[in-house]
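Chemist: What follows is a structure written as structure tokens; I'll ask about it next.
The values are calculated or read from the model by the stated rules, or taken from the named source; none is laboratory data. This is a predicted model, so every value here is computed, not measured. Note that each Cβ is placed from the backbone with ideal geometry, even for glycine, and that neighbours are counted across all protein chains shown.
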Amino acid sequence: MHRHAIAIFMYAIKAKILYDGTSNKAKKDVYILFEGSKIKGISKNKGNAEVIAEGIVTPGFVDAHAHIGMARSGEPSNEGELNEKMNPLYPLLDAIDSVYMDDIAFRESIEHGVLYSHILHGSGNIVGGRSALIRNFGKDIGEAYITHVGIKAALGYNPRSTQDWKGTRPSTRMGAVALLKEQLLKARKTKMLIEKNKKSIEEVDPVTEIFMDILDGKIPLMVHVHKEDDIIVLMKLVNEFGFRAVINHGADVHRREIWEKVKSMGMDVIYGPVDAFSYKVELKNEYWRNIKHIVDVRPRFCVMSDHPFVLQRNLHLQLRYFRRFGMSREESIALISGNAADILGVKNIGKVKKGYYASMVVWNGEPFTLESYPIMVIGEGKVLHEE
């Protein structure tokens with residue numbers, strides 16, 4: 001894989017077709033002008049810029065839910081670091097601290113146009129810790145890190161399946177919800193005491209302080225939830241406590257009415273993965289045709305790989321189902337680029353627009369055909385891969 005910097009100079013990519021990462025109609029025969037790490041404009045004329053590649057252009061893809069670098073290719077599964085077994089509710093954990101950038105899966109992801117990953121913990125804990133957005137092309141985790149995004153939480157089967165781990169562990173779904181509510185109630189009461197000057201913030205323990213930030217909307221909860229009834233339970237918690245929750249997965253949803261309720265509440269969805277094996281009971285209704293329901297209703301959503309459950313290099317292949325059920329090519333590309341960045345709250349990636357990072361994929365043909373592949377991948381102004 002080639003990896004070299006382009007000197008500070010105006011360069012251009014000629015896009016026969018440009019999918020800019022939004023639902024806007026694709027542009028044809030335009031030049032994407034960039035200097036350093038940023039896009040300077042999109043024009044019908046290249047001006048004095050040097051054209052370095054030509055083809056169909058998409059943004060660098062954004063995987064909104066992955067465990068790449070934590071569950072690492074070529075290493076025994078017991079060396080993976082998705083879950084910390086010491087405590088079922090420990091938001092001080094930081095996913096960044098268990099990512100190794102020498103995971104060879106990063107190289108494969110870059111070659112297939114996936115440049116950014118939202119790294120989350122597994123779902124064995126009710127609250128797993130802080131998630132983070134990283135550059136797949138960072139040489140080390142300091143260079144890769146972009147920002148923290150949210151706190152990973154989990155409802156349903158997974159957090160009650162870990163009773164042999166340390167700490168107070170639930171054996172039922174209601175037990176998991178009760179343990180989560182206990183922390184939220186404690187944080188709410190602590191906030192009230194501080195507001196009444198009966199307690200100072202210096203007296204608050206770090207875990208409760210993070211739950212206070214969740215209640216204040218400063219940190220969203222990224223909630224693992226597959227089944228319809230678990231989504232309804234999550235909605236009840238949101239209504240009771242007022243925090244922001246992003247549904248992660250939802251693969252067992254098999255009625256459009258659930259997505260209608262999600263949309264009416266204004267909740268975002270990181271959907272999928274849609275090409276993974278249904279290996280547990282909470283996925284017994286998982287079916288690729290369920291995708292039609294979320295497409296028909298259209299809450300704001302994007303698509304994940306859940307790497308390694310679907311290899312991140314195959315992220316864009318999942319788009320075939322969304323095309324089949326009526327999404328345009330532009331809308332489908334946005335599911336793994338602009339939509340993902342918007343849901344994660346990041347403003348300078350996922351779209352090919354002036355002022356955004358020059359992170360782009362140049363394809364030899366339509367990304368939706370099996371014969372097509374990236375001929376050049378550019379990450380923030382640097383050529384990362386070239387065929």
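Listed here are the residues, each with its yes/no results for (1) within 24 Å of the chain's Cα centre (by Cα); (2) surrounded by fewer than 18 Cβ atoms within 10 Å (Cβ to Cβ); (3) under 23 Å from Val262 (Cβ atoms); (4) not hydrophobic (A, V, I, L, M, F, W, C).
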| site | (1), (2), (3), (4) |
| --- | --- |
| Ala178 | no, yes, no, no |
| Lys181 | no, yes, yes, yes |
| Met192 | no, yes, no, no |
| Ser200 | no, yes, no, yes |
| Glu203 | no, yes, no, yes |
| Phe211 | yes, no, no, no |
| Val225 | yes, no, yes, no |
| Asp229 | yes, yes, yes, yes |
| Leu234 | yes, no, yes, no |
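A quick yes/no check of all residues on (1) over 21 Å from Asn248 (Cα atoms); (2) assigned to a loop (DSSP other than H, G, I, E, B); (3) not aliphatic (A, V, I, L, M):
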residue: Phe106; (1), (2), (3): yes, no, yes
residue: Ile110; (1), (2), (3): yes, no, no
residue: Gly128; (1), (2), (3): no, no, yes
residue: Thr168; (1), (2), (3): yes, yes, yes
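Chemist: Further question: Restricting attention to region 320-341, which residues are out of contact with any Phe, Trp or Tyr (no Cβ under 8 Å at 6 or more places or on another chain) and surrounded by fewer than 20 Cβ atoms within 10 Å (Cβ to Cβ)?
Modeler: Arg324, Phe325, Gly326, Met327, Ser328
Chemist: Residues in region 6-19: is at least one outside the structural domain of Gln183 (by TED's automatic domain parsing) and touching a helix residue (DSSP H, G or I) at 6+ places or on another chain (Cβ under 8 Å)?
Modeler: Checked against the condition, which is being outside the structural domain of Gln183 (by TED's automatic domain parsing) and touching a helix residue (DSSP H, G or I) at 6+ places or on another chain (Cβ under 8 Å), region 6-19 yields at least one hit.
Chemist: Still on this structure, I have one more. Could you tell me whether Tyr19 is of a type in the set (Ser, Thr, Tyr), at pLDDT 95 or above and surrounded by 16 or more Cβ atoms within 10 Å (Cβ to Cβ)?
Modeler: yes
Chemist: Could you go through region 365-385 and let me know if any residue there is assigned by TED's automatic domain parsing to the domain that holds Leu18, over 12 Å from Val62 (Cα atoms) and among the polar types (S, T, N, Q).
Modeler: yes
Chemist: Check Leu234, Leu283 and return the single one that is within 30 Å of Glu195 (Cβ to Cβ) and at pLDDT 95 or above.
Modeler: Leu234 is the lone residue from the list that is within 30 Å of Glu195 (Cβ to Cβ) and at pLDDT 95 or above.
Chemist: Pick from region 253-301 the residues that are part of a helix (DSSP H, G or I) and among the polar types (S, T, N, Q): which of them is surrounded by the most Cβ atoms within 10 Å (Cβ to Cβ)?
Modeler: Asn290
Chemist: Give region 247-305 a look and list any residue that's basic (Lys, Arg) and without any contact (Cβ under 8 Å) to a residue 24 or more places away in the chain, or say none.
Modeler: Correct list: Arg289 only.
Chemist: Is it the case, given these coordinates, that Ala53 is in contact (Cβ under 8 Å) with a residue 24 or more places away in the chain, among the small types (Gly, Ala, Ser), assigned by TED's automatic domain parsing to the domain that holds Ile39 and assigned to a strand (DSSP E or B)? Steps first, please.
Modeler: Working: in contact (Cβ under 8 Å) with a residue 24 or more places away in the chain: yes; among the small types (Gly, Ala, Ser): yes; assigned by TED's automatic domain parsing to the domain that holds Ile39: yes; assigned to a strand (DSSP E or B): yes.
Yes.
Chemist: For region 236-252, which positions are of a type outside the set (D, E, K, R), over 21 Å from Val149 (Cα atoms) and buried (at least 18 other Cβ atoms within 10 Å of the Cβ)?
Modeler: Ala251
Chemist: Ser359 versus (1) under 14 Å from the mean Cα position of the chain (by Cα); (2) of a type in the set (Ser, Thr, Tyr); (3) closer than 21 Å to Ile52 by Cα: which is the lone unmet condition?
Modeler: (1)
Chemist: What are the residues in region 319-353 that are aromatic (Phe, Trp, Tyr) and assigned to a loop (DSSP other than H, G, I, E, B), if any? Working first, answer last.
Modeler: Of the residues in region 319-353, the ones aromatic (Phe, Trp, Tyr) are 321-322, 325.
Listed by number, the list holds a single entry, Phe325.
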